[in-house]
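All remarks here apply to the structure that follows.
Where a number appears in this text, it was derived from the coordinates with a stated rule and is not lab data. Quick caveat: nothing in here was measured; it's all calculated off a predicted structure. Glycine gets a Cβ as well: all are built from the backbone with ideal geometry, and neighbour counts include every protein chain shown.
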Amino acid sequence: MLTLSDAAVRKIKELAADKGESAGLRVKVVGGGCSGLQYRMEIDSVKERDKVFERDGAKLIVDKKSFLYLNGSELDFAEELMSSGFRLVNPQVKRTCGCGESFVV
């Protein structure tokens, strides 16, 4: 199960508004970064074998392989003075790199 914060729901709906009814935020776990794994996010449409987590019309789309790394996570969105963006709170992460862009499970 993946959950979405109120802020993440608002931002996903804003970003996907003109992309069609099946559009949402796709989150993938890919190899790379200094710790071995990293997240990739993009607005995309739902494909046949995806897992979709929906709240109040906002869709979070995850492929089955990435779900193994993301299960139990919460997606949040924060806007701050120096930066803004989506953040995953992933209880499976054991360690992150110094910049916070990659992780180890």
* Given the rule -39500 (n - 2.57) for each run of at least 4 DSSP H residues, summed and divided by the residues of the chain, what is its mean residue ellipticity at 222 nm, to the nearest 500 deg cm²/dmol? -> -5000 deg cm²/dmol
* Structure fact -> Per the charge dipole of the chain (beta-carbon charges, Lys/Arg positive, Asp/Glu negative, Cα centre), the residue among 35, 52, 3 reaching farthest to the positive end is 35
* Asked: What is the helix-to-structure angle for 6-16, meaning the angle in degrees between its Cα long axis and the longest Cα principal axis of the chain, kept from 0 to 90 and rounded to the nearest 10?
  -> 60 degrees
* Asked: Under unit Cβ charges (Lys, Arg +1; Asp, Glu -1), what dipole magnitude, rounded to 20 debye, does region 1-78 have relative to its Cα centre?
  -> 260 debye
